[in-house]
Amino acid sequence: MFINRFNPGKKIEMKIVIFSRYPEDSARPRGGIESVTVVLVKALAMLNDTDVHVVTIEGDNPDIMVEKDNDITIHRLPGSNRPQIFDIMFGPGRKQLVSYINKLKPDILHTHETYGLCLGNISIPHVFTVHGFDHANLIADSAKYGIVRSMLWKYVERRGFASQKHIISITPYVRKMVEPLTRAAIYDIDNPVDERFFKIEHKPESGRILCVGWLNERKNTLGAVEAFAKISGHYPQAKLVIAGQAKEEDYLNRIKQSIRRNDIENKVEMPGHINHTQLERELAKAAALLLPSRQENAPMAISEAMAAGIPVVASNRCGMPFMVADGQSGFLIDPESTSQISECLSRLVGSEQLCLQMGQKGRQIAMERFHPHAVAQKTLAVYKQICTDSR
């Protein structure tokens, strides 16, 4: 045990290094992994016996930068100019990362980012959280050269999973995908949700449906528009809010064409990318969340909506069925069936009481599974188990 020089009153029993993405402003994370990392490290830092460090690789940094975010120490390493898929296996970025982590001498290393795939053999006690499968995302995104790139990433992922000794699975879907590829011990822990989402004062506007995330094939934003168009004429109060950016102009144009063709311009709002503060405002007004994605593991949009007490309509694929209790906290749908999506939306738009009941059930589930304190306690227990086993 030693004394934390930044907080002399705090006795430390475990030095934790987390490798992940971390935003310059922790109040404005960009994307799911950054959101998860910020919430988790802050919850871990609040525990009595932890000294938390975050290491991240950033391409724009010419030198190593070390900074503080309250009790958390952030180490920003310069990025490599090599393609990531090669750099994580044997490039200078990986070598720099391993050297720096060894110098920090943590009791436990917890990796969340892609480079963690190739750190399974590091001598430090180590656990890797699997957030996604790039080989599957490339296909679902209809990415350029997607098939070839998917095959390369599949090889890297298989090799990486096989090298791990300890893995955290954020959903049973991840466990199912990873188990055949590794002999690692697998621990089931959900991603945490920022506590402020549990504190949202939910005052839903009747018929207001929120669809949040990237505008692309994988998120199936076009399917959301087509399904909403089927019910909009039956409910004067119905409104669809599409919050997010399009990576491809062509896909955005297809969405706009569908909105015009279905004559629903006055019923669709497209505010573009929204920050966390704006998201909280949107969730406060939303009667339901719609996420008809073709490929997702454990989307933050679902857990954040559940924390706010909002019913969710989500796909019956991948990790989403393990988050949404069908018929209780929302509905599961086939993302390729616009009629099925519209039918579920119709049931929610047509009944404020059903929205309230499902939202309350979702919030109850979120408190048990996604609250940061609960997730931090489970994660720390895994760290202690790994450290004990390694000794």
Go through region 278-323 residue by residue and tally those that are part of a loop (DSSP other than H, G, I, E, B) and either among the hydroxyl-bearing types (Ser, Thr, Tyr) or closer than 21 Å to Gly31 by Cβ (or both). 15
Search region 148-194 for residues being in a loop (DSSP other than H, G, I, E, B) and hydroxyl-bearing (Ser, Thr, Tyr), and hand back the single one that is surrounded by the most Cβ atoms within 10 Å (Cβ to Cβ). Thr171
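Considering Glu269, Glu265, Glu282, which residue is surrounded by fewer than 15 Cβ atoms within 10 Å (Cβ to Cβ), in the same structural domain as Glu352 (by TED's automatic domain parsing) and either within 17 Å of Ser206 (Cα to Cα) or not charged (D, E, K, R) (or both)?
Glu269
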For the structure I just gave you, tell me whether Ala314 is touching a Phe, Trp or Tyr at 6+ places or on another chain (Cβ under 9 Å) and at pLDDT below 95. no
If Trp214 satisfies all but one of (1) in contact (Cβ under 8 Å) with a residue 12 or more places away in the chain; (2) of a type outside the set (Gly, Ala, Ser); (3) closer than 22 Å to Gly362 by Cα, what's the number of the condition it fails? (3)
What are the residues in region 34-93 that are in a loop (DSSP other than H, G, I, E, B) and buried (at least 17 other Cβ atoms within 10 Å of the Cβ), if any? Leu47, Asp71, Gly79, Ser80, Gly91
Taking region 175-232, which residues are in the same structural domain as Leu279 (by TED's automatic domain parsing) and among the small types (Gly, Ala, Ser)? Ser206, Gly207, Gly213, Gly223, Ala224, Ala227, Ala229, Ser232
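Just need a number here: residues in region 210-242 that are among the hydrophobic types (A, V, I, L, M, F, W, C) and more than 16 Å from Thr338 (Cα to Cα).
7
The values are calculated or read from the model by the stated rules, or taken from the named source; none is laboratory data. What you see is a predicted model; the values in this text were computed from it and never measured. Reconstructed Cβ throughout: ideal geometry from the backbone, glycine too, with neighbour counts over all protein chains shown.
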